[in-house]
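Comments concern the structure below.
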Amino acid sequence: MSEDANHSLRALPAVDTVLKAPAALAAIDRFGRLETTRAVRAALTEVRRHAEHLTAVPDAEHIANAALAALVADAQPSLRPVFNLTGTVLHTNLGRALLAEEAIAAAVAAMRSAVALEFNLDGGRRGERDDHVRGLLCELTGAEDATVVNNNAAAVLLVINTLGNGREAIVSRGELIEIGGAFRMPDIMARAGAQLVEVGTTNRTHPRDYDGAINAATGLVLKVHTSNYRIEGFTKQVPARELAEIARAKRVPLVNDLGSGTLADLARYGLAHEPTVREAVADGADLVTFSGDKLLGGPQTGFIVGRRDLIVAINRNPLKRALRVDKVRLAALEATLRLYRDPDRLAARLPTLRLLALPAGEIAERGRALVPAVSGALGADFTVEVAPCSSQIGSGALPLEMLPSAGLAIRSLRAEGRVLDELASALRRLDVPVIGRINDGALLLDLRCLEDEAGFLETLRGLDTLREMDALRGAEVRS
Ligand SMILES: *Cc1c(COP(=O)(O)O)cnc(C)c1O
């Protein structure tokens, strides 16, 4: 260290002096004395580490400001809202379905106060948490009985454990899927205590394959919606209705894991037809399992609907207690399910359907209105234009179905290859991170899921601050 630097370090203000600076007082007010003192010490340490590059000795106010900025940056919640401009509407890594306002209000009310969660208000006796949604689920699916657990993976685990523990579970080789996030059917079966019996081949499974495999040790036949892939060409599956007949003749329960499942006919909203839960029930499955936060558009939950005697057995399984949902999600779920009673207004109220049903023309029109402001925010190094693109539903629903959409295609006028990656990274560092995808030499922001346009433009203004910070940092490194 040079004599000069040594000298500057001796002139650095003491912690107590820094704590009296206005920015430090503001920090104490917001974050408390302990945290502020810690941040001030850290800021002083940082200055000492870079002493050689110092041209002037920072004063107390300067150190206090640095401490305050560090505290503010650190106070950003880790789990925070982002703009999902990926084009995947139900993005598992971005939290899947957005809840309807009705569901949000119900969840907030349940958070604030005591609720009659397991309490029967008529008789003043103990009630069951499923009571709040059982009737709605039966009404919307045509099933005899229903229960709710943490998610669909939990529903599948619970069903297989209840019907198949110490017994055999029959599945077609074409349906032994991995959903992602380590949800593999064979592993779930093993953990549920069932012995997997594979029938048929990857591409073809016949009625006689199931028929020949069912025996006295069979606990269940499982049909799985091959959510995230499709086998095409020379294929054969046994339709649910036919499989139900085979299972019924042998007195073995048939479970249909629909995965996403939907309570509404998507064809009504201009999408391809995805089997509804009602159809799966009508096709004769004894139990049907599906998710709450995929096409249904509610909070993360898993449903088991079907035969009453089987649901009773499931509710007696001690695992049910370990997989139950809390009052907040149950409140949001009940409010979401109620929206399905009015199909005419469903798409307007339920964000998932509203976003999926948006026509590409309308999205493009919104895009054109955004171009000037986005262009301005990005600066002269980039071009911005509206381009057609494809959104997808996500979460394994209609995996091959692409929804015509429109987005902002951002291209760099500079030749260096990493400019777009750097822009994508800067967008992810904004107060509300903006998440797009790089495609064909452009950063593409699919606008299907952008509802808060004003908030988006406001957030983009943060790029100026980021640029200033980067310039400062660059200057520090160079100096
Ligand atoms: C998504 C899916 C699951 C898992 O559901 P989660 O709600 O994510 O737990 C199970 N089975 C199928 C067929 C699925 O598509």
Fill in the blank from the handout: Filtering the range 233-247 down to residues that are assigned to a helix (DSSP H, G or I) and more than 12 Å from T205 (Cα to Cα) yields A240, R241, E242, A244, E245, I246, A247
Handout entry: Test: residue in the range 361-372 that is at pLDDT below 95 and closer than 16 Å to C449 by Cβ
Key = no
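Quick grid of which residues meet (1) outside any helix (DSSP H, G or I); (2) within 25 Å of L333 (Cα to Cα); (3) charged (D, E, K, R):
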| position | (1), (2), (3) |
| --- | --- |
| I28 | no, no, no |
| T45 | no, no, no |
| R48 | no, no, yes |
| R80 | yes, yes, yes |
| L99 | yes, yes, no |
| A109 | no, yes, no |
| A116 | yes, yes, no |
Handout entry: Some residue of the range 176-185 being free of Cβ contacts under 8 Å to residues at least 40 places away in the same chain, part of a helix (DSSP H, G or I) and farther than 20 Å from P299 by Cα
Key = yes
Practice task
Go through the range 288-310 and give me each residue that's part of a strand (DSSP E or B) and away from the ligand (no atom under 13 Å from the Cβ).
Solution key: V305, G306
Completion exercise
Taking the range 213-240 and keeping residues modelled with pLDDT under 95 and more than 16 Å from the ligand (Cβ to nearest atom) leaves E232, G233, F234, T235, K236, V238, P239
Handout entry: Condition check for A56: assigned to a loop (DSSP other than H, G, I, E, B) and surrounded by fewer than 17 Cβ atoms within 10 Å (Cβ to Cβ)
Key = yes
Problem - Residue ID - most open to solvent (accessible area, probe 1.4 Å), chosen from residues in the range 430-459 that are under 27 Å from A73 (Cβ atoms) and part of a loop (DSSP other than H, G, I, E, B) - result: D431
Practice task
State whether the residues of the range 102-125 include one that is in contact (Cβ under 8 Å) with a residue 40 or more places away in the chain, within 27 Å of the chain's Cα centre (by Cα), within 16 Å of the ligand (Cβ to nearest atom) and closer than 30 Å to Q392 by Cβ.
Solution key: no
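Matching residues to (1) outside the structural domain of R316 (by TED's automatic domain parsing); (2) within 21 Å of S260 (Cα to Cα); (3) within 16 Å of the ligand (Cβ to nearest atom):
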| site | (1), (2), (3) |
| --- | --- |
| L157 | no, yes, yes |
| T162 | no, no, no |
| A169 | no, no, yes |
| R184 | no, yes, yes |
| Q195 | no, no, no |
| V199 | no, no, no |
Exercise for the section: Specify which of the listed residues (V221, V199) is within 33 Å of the chain's Cα centre (by Cα), surrounded by 19 or more Cβ atoms within 10 Å (Cβ to Cβ) and among the β-branched types (V, I, T). Expected result: V221
Exercise for the section: For N256, work out the one condition from (1) outside any strand (DSSP E or B); (2) over 19 Å from the mean Cα position of the chain (by Cα) it doesn't fulfil. Expected result: (1)
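The values are calculated or read from the model by the stated rules, or taken from the named source; none is laboratory data. Just so you know, these numbers come straight off a predicted model, no measurement behind them. Positions of Cβ are generated from backbone atoms using ideal geometry, with glycine treated the same way; all protein chains shown enter the neighbour counts. For accessibility, only protein heavy atoms count, side chains too; no ligands or nucleic acids. Shrake-Rupley method; radii C 1.70, N 1.55, O 1.52, S 1.80 Å.
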